[in-house]
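So the structure is just underneath, and the comments pick up after that.
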Amino acid sequence: MTTYKLTENGVLRTADGAHIPSDSNNRHWQEYLEWLLEPGNVPDPADPPPALVVAPLDAEELYDMLVVKGVVAAGDRPRPRAVAGP
């Protein structure tokens, strides 16, 4: 039995891994739509989007990003602050 899996812009035919775009002129898309009309046929859900990974920035990386964005001028690099002792 043929099954399908939803994707961002169409479906994946799981039997052979073929990606089928949601194009009304595509004969495979037409076959998928006919398959959907049969009782009990439901495509597998799409994979969830990948998790967003945020890496911490050190002060130098943050400064460089602000320079690139034009938030600070390249010559405005702040001096390191003295850390108060115990």
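The values are calculated or read from the model by the stated rules, or taken from the named source; none is laboratory data. Please read these numbers as outputs of a predicted model, since none were measured by experiment. FYI the Cβ positions are ideal-geometry reconstructions off the backbone, even for glycines, and counts take in every protein chain you see.
So if I check each of V11, V71, which one is surrounded by fewer than 12 Cβ atoms within 10 Å (Cβ to Cβ) and of a type in the set (V, I, T)? Spell out how you get there, then give the answer.
Values: V11 fails: surrounded by fewer than 12 Cβ atoms within 10 Å (Cβ to Cβ).
Just a single option satisfies the conditions, and that option is V71.
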Check: Looking at (1) of a type in the set (A, V, I, L, M, F, W, C); (2) touching a Gly at 6+ places or on another chain (Cβ under 9 Å); (3) modelled with pLDDT under 95, can you tell me which one W29 breaks?
Finding: (3)
